[in-house]
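What follows is calculated from the coordinates using simple rules that are stated; it is not laboratory data. As the structure is a computational prediction, the values presented were derived from the model and not from experiment. With ideal geometry, Cβ positions are generated from the backbone for all residues, glycine too; neighbour counts draw on all protein chains shown.
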Amino acid sequence: MKNKKSFAIKSSGAIIVMLSLVLFASACNHGSTVSSNPTTNPNPQTTQASPDSKATPTTSNSSSNDTTDSKNPTTTKEAPKEDIDVFPLLLNAKQAIATAWHKNLGMQRFLIAERHGFVWMLTYDTSGRVTDETIVLDISEDTIAQSEQGFLGMTFSPDGKWLYISYSDTKADRAGGATFPNVVQAVKATDLGTRNAKSIPRTTIITIPQPGGNHNGGDIAFSPKDEHLYVALGDGGGANDQFRNGQNLETLNGSILRISPTPETGGYEIPADNPFVDRSDARSEIWAYGIRNAWRISFNKETGDLWIGDVGQNEIEEIDVIPNGVGGLNLGWNEYEGSKPFRGPPPNLEAHHLPIFEYEHSVAEGTESRRCSVTGGFIYSGDLIPALIGKYIYADFCAAGVIWAIDPNDASPSISANGKIPKGGDTLILNQNSIGSIINFGETPTGEIIVGTLSGTFILLPATNP
């Protein structure tokens, strides 16, 4: 990496100028109406274990079911014209798993959550100098950062009055599950920074039992269009969908949920236009199903389309897009892994919503890294890297420090009527193995990309910054 400096309180003048550019872009182009999608990727163990049923990349890659030839890398486009680099953002927060921002915070504050259960408020002044890093919420005694569990997701309500958090709850009733359930809770935004971080009241919205300690998903996000809360889940653990949840509409696992929280009283309401509200053999909370492990999700803030990074089994990683307002889609798992039949005779392909992009478990061109576990990201909406505007940023946990972009405009019609980006349609934009395995992406108030790894928290910026 070039000119590595820290965005900490003792930052050098060069880095102050760099963060000032983010603020300047905010003032000139975004104003106070910017809304940031605060969802950000599975956080594996503190050792480099994949966020998946695969205990480690080595275990996964040596699977007898993995027939991918690692000597034949997939094709990757040339990088964009701008040189792109990553710069350290925080000294204190470790393993950043989510970011959240609302215009009520102003343009000089946003939240970053650690996988171990700490939520930090990052504050900086108009010159770009970081003036404070404060823990404003501490649930570390109620969760555990093991396997793919821990703090999982965070987002503000559309009106900014509530912060919603998602985590593996070590103190909740397991309700028949074999391990800690996923819990989504609401916190009053006005309590953040004004009350003791450990004693802030939390209202439980939903609890989802988990049969296993992996494939729990857990990311959450509000749609910028319908303003309902979307909850991403996995099939519940193990390998090969051992609990058969992917195609089971009578369980919440293996699905994307769509609910309307009632934070004042707890619980939630079910939107009347959810696709399965009139079916007795399906859970009415479900918006989409056929999901293996939707580790990270995010919304396109302009269109309202939902982007999903769904971790694969032994051969294929996939990125799915659910168009705004389209419910009831079957994304295929466990009948398909990506667009490839997975179990038994091939089912009707037209009944499934194909990925917009997929890639094999192989060495990616331009790197020495073998990919095996997708980390979904965001449609870039910042100002400082023009070549990335409108492109979807993603990574792979097994390819340490490598980031790609795909252009939704490259998608061509497919058999299921959703777009499909051809193999090799991604662009390599960063190859910095030294930053470690990427577990999550986030956004600043101005749409610049935050990169969370096992070793630290970084920001993606032009390498030519001072």
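Here are the numbers for this structure:
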read-out: Cross-link reach list, aspartates and glutamates versus Lys225, counting only Cα pairs under 12 Å and skipping chain neighbours closer than eight places; value: Glu302, Asp305
read-out: GluC sites (Glu not before Pro) within region 300-348: DSSP coil, no more than 14 neighbouring Cβ in 10 Å; value: Glu302
read-out: Sparse-neighbour loop sites [trypsin sites (Lys or Arg not before Pro); region 177-247; at most 16 other C-beta within 10 Å; DSSP]; value: Arg195, Lys198, Lys225, Arg244
read-out: Violating pairs (Cα-Cα greater than 25 angstrom) within the set Lys94/Lys198; Lys94/Lys391; Lys171/Lys301; Lys188/Lys391; value: Lys94/Lys391; Lys171/Lys301; Lys188/Lys391
read-out: Positive minus negative residues near Asn104 (Lys, Arg vs Asp, Glu; Cβ under 10 Å); value: +2
